[in-house]
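First the structure, in the form of structure tokens, and then the observations on it.
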Amino acid sequence: GSSSMISNIEAWALIAALASSLVLGHEEGGRGHGHLRLRQLDLRGASATSARLGKADASRQSSPALGATQYYGLVWVGQPQQGLRVVFDTASGEMILPSSKCSDAACLAGHRFAAENSTTAIQIGWADEPTKPITADEDRDTRSLSLLGSDVAGEFVRDKLCVGNRSQLCGMVDFVTLTEESDDVFGSLGFDGVLGLAPTSGDAPEFNVRDALLNPKALDQRIFAFYLEAAVPDAISGGEFQIGGFRHDRMASELTWAPLSNNGSWQIKVDDIAVDGKAAGLCGKTGCHALIDTGASLLMAPGQVLAALLEKLDVDDHCSKASHSLGFIVQGQHLELSASDYMEKDDAGCKLLLANAADAGKGPRLVLGYPFLRKYYTVFDAGRSRIGFALADHGSATGASDDSAVVVQLMGLRP
């Protein structure tokens with residue numbers, strides 16, 4: 001019946017949206033009670049959108065191609081190095097890892113960072129004194145986090161972070177180590193923590209991971225890039241994160257560069273949204289702002305924009321009508337997605353990978369997550385405050401990459 005379908009969809013949307021809720025918001029607090037809030041994604045748009053769509057004709061597609069709802073890669077922390085699985089998240093600016101002090105079931109299920117086993121680890125007492133070690137009997141701040149309504153807490157540590165499989169890029173950075181995690185939220189995750197890559201973080205500059213890794217490099221090497229494999233039947237595809245350079249052999253077109261519309265986040269201006277190649281007039285005179293979010297499983301738009309878009313896409317209950325392309329007009333270029341990029345069909349029916357985003361009040365804000373990033377190879381240029389998009393080349397790579405680029409393999413998950 002429809003009620004069971006809605007509950008299934010809500011459960012799917014909750015898992016799919018988990019990384020979208022890894023967006024870090026900073027709450028002001030006096031010294032001694034710093035709060036970092038991991039905002040919950042508004043799932044109503046996702047469930048309402050998906051719930052309208054009925055059962056697909058299962059005989060037409062026996063094995064659907066379903067994209068990952070999360071991607072993680074290995075990073076190395078401390079000396080000797082400890083490997084941890086993290087989501088590389090452009091919507092947040094700090095690193096959060098489970099601590100060996102955490103004995104909750106969710107922490108024990110994954111890898112924990114043991115600061116006591118690292119010769120380079122420094123225990124930090126206060127976020128506003130990011131390089132000052134504390135002594136054993138000194139008072140220290142704890143950081144409170146809320147994720148999907150679940151309260152967790154952590155402490156500050158400073159240590160060496162390295163990324164890369166063969167060659168490595170390293171830097172000293174402050175981060176939060178969680179001393180408690182809730183099992184109902186964290187227990188089902190296939191990764192350990194989050195590595196934020198936003199241009200700014202809510203705390204002192206020493207917490208900013210992007211700058212810790214890239215600032216020592218030459219200006220034209222202060223870049224990182226994401227390549228996500230296309231969704232295929234019978235497997236969950238992965239991808240690749242490159243830092244310090246990018247790979248031309250992952251691109252099937254030239255890069256279209258867009259300047260950041262807000263230097264505090266990886267946000268660009270989208271002039272309009274297009275349906276079947278025609279501007280749909282959904283972004284008004286000033287355009288939409290789009291956050292390019294490597295931790296978001298869905299495409300998101302504010303409620304009014306989403307409702308108007310759904311009307312123009314005209315998707316019927318069984319996804320049986322001729323489907324329309326969906327595009328984002330950036331710097332005069334149409335970055336197009338076909339229906340198979342923003343829609344999934346399986347035995348349970350068909351789902352639109354579109355959800356409702358909270359309106360930030362500065363013009364409609366879009367979030368372009370994995371459905372977009374699977375189609376477009378995306379280069380984040382910190383040195384020149386811009387983002388480049390090229391059609392992803394999903395053929396086998398020739399292996400030619402910038403000599404300076406460090407590569408991390410990404411594993412796809414679909415809990």
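Miscellaneous remarks
- Cα gyration tensor, the range 110-178 - rounded (a/c under 1.5), prolate or oblate: oblate
- Here's the list of aspartates and glutamates a cross-link from residue 312 could span, going by alpha-carbon distance under 18 Å and ignoring same-chain residues fewer than 8 apart: 271, 272, 276, 336, 341.
- Residue 116-residue 215 FRET efficiency (beta carbon distance; Förster radius 41 Å; 0.05 resolution): 0.90
- In nm, spacing of pseudo-spin labels at residue 168 and residue 235 (7 Å Cα→C-beta vector): 2.9
Read-outs throughout are calculated quantities, based only on the coordinates presented, and are distinct from any laboratory measurement. Quick caveat: nothing in here was measured; it's all calculated off a predicted structure. Cβ atoms come from the backbone with ideal geometry, glycine included; neighbour counts cover every protein chain shown.
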